[in-house]
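The values are calculated or read from the model by the stated rules, or taken from the named source; none is laboratory data. Note that the structure is a prediction, hence the values are computed from the model and not measured. Because the Cβ atoms are built from the backbone with ideal geometry, glycine has one as well, and the counts that use them run over all protein chains shown.
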Amino acid sequence: MSDTTNLTELIQQANQHLVDLKYSEGTIYQYRLVWKHLMKYAETKNYESFSLKLGEDFLSDYYGIREDIKLSSSQVFKVRCIKVLEEFRQHNSFHLCHQRSGRQVPHQFKNPLEEYILLQKELRLSHRTLQGKKIQIIDFLSYLGNKNLMDLNNLIPDDVLLYLETLNKYASATRSGILFTIRDFLAFLISKGYTKSPLSHLLPVVFTNKFERIPSYYSIEEIQKILKQVDRNTEFGRRDYIVILLAVQLGMRAGDIRNLKFENIKWHLDTIEFIQEKTKNSIRLPLIDNLKYALIDYIKNSRPKTDDSHVFIRHRAPFTAFVKGNVFWSNINKYMDAAGISINSRKHGLHSMRHSMASNLLKNNTPFPIITGVLGHENSNTTKLYLRIDIEQLRTVALEVPYER
């Protein structure tokens, strides 16, 4: 057991253990961020010593994490941050965190799954959609395998209905998506002779409430505080500043910022034009003056010298574009923390800045079609209409962040 239960000392020792285990700087920073919030919480409760109860109360009060809810990957990590402290307090060490390997489909169901996925590929679904459907079906088939079902021909209504009960813990929107996939898979099974009787009718259509989950939102005042924490006299600061502006003023997704190329910046038109990674829709956004100046500042004074056509480049060798993943998550969190922004169970990644942009546009009485066009939520039939987006109106309601040092 550790010699101390003093929270500050325990965190210092656990942090050093992360360093000794050669965790990456980014991962260690994320641990430190959660622990810093824990220390602030403990101070408000007049706790100096760590206990598991303190950790559980912190997770519940600060992040809204409870035992009876389905946790996101971000919430799972925050729980691990507390478990790490408890393990270190008791054993002076903790288990390495490994990415769990994906759940494997039971061997007896491998062929129908592969045939179904091949059929979905022929429909030209995106890789992301295919992976989502595959995970949902593997979860269903794993459930059947755990019930000792060896042949889909022996699948009966009770098997499907009992699986349906396991989905009650999910929000209606999530449950609706899972049921849509499983319903389609069951229809495929009967069409290919893998099952004897149709079962897809057993899965109900779940009508979801789009307002069931309110998007995380930060006020203009909070965003201004965040931006003021960015040191634009440094290489990383100039990059982070323009990245945050692209999210908060134009509503760009992290993936679209990561993929942005010089060919997408139409300097002569003062616009940014690209194909959205998620929707594959064309979108045209205004290159407002303060964005333009921040972008030029980054390109001239911070961007590594390379022939790569991507705007945003890694600042360490190899000087290439960022790989897939939420590469800007820790950046925005660092500035939120420095600004003293209270998260209060809100999401706090770059995507929350996108939602904030939409909310702030709405407060400025911007028409819904313009907001929809900026976010890229239109379907293919309305894309052409929204490509003629009212650039001048967007300029008048854009968040005013003058580019003065």
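Which condition number in (1) more than 23 Å from GLY237 (Cβ to Cβ); (2) surrounded by fewer than 18 Cβ atoms within 10 Å (Cβ to Cβ) is the one that ILE299 fails? In the conditions (1) more than 23 Å from GLY237 (Cβ to Cβ); (2) surrounded by fewer than 18 Cβ atoms within 10 Å (Cβ to Cβ), ILE299 misses (1) alone. Once segment 231-267 is narrowed to residues that are among the aromatic types (Phe, Trp, Tyr), exposed (fewer than 15 other Cβ atoms within 10 Å of the Cβ) and not in a loop (DSSP other than H, G, I, E, B), the residue that is modelled with the highest pLDDT is PHE262.
Sort out which residues of segment 49-92 are surrounded by 13 or more Cβ atoms within 10 Å (Cβ to Cβ) and acidic (Asp, Glu), and write them in order of number. The answer is GLU56, ASP57, ASP61, GLU86, GLU87. Contact map, segment 41-55: first residue touching a residue at least 24 places away in the same chain (Cβ under 8 Å), second residue basic (Lys, Arg) and surrounded by 11 or more Cβ atoms within 10 Å (Cβ to Cβ), Cβ cut-off under 6 Å, separation 6 or more or different chains; the map is empty. In segment 221-230, the count of residues that are modelled with pLDDT of 85 or more and not in a helix (DSSP H, G or I) is one or more. Candidates in segment 26-48 are the residues that are touching a Leu at 6+ places or on another chain (Cβ under 9 Å) and either in a loop (DSSP other than H, G, I, E, B) or modelled with pLDDT under 90 (or both); of these, the one that is surrounded by the most Cβ atoms within 10 Å (Cβ to Cβ) is TYR47. Note on segment 176-197: residues that are in contact (Cβ under 8 Å) with a residue 60 or more places away in the chain and under 36 Å from the mean Cα position of the chain (by Cα) total 3.
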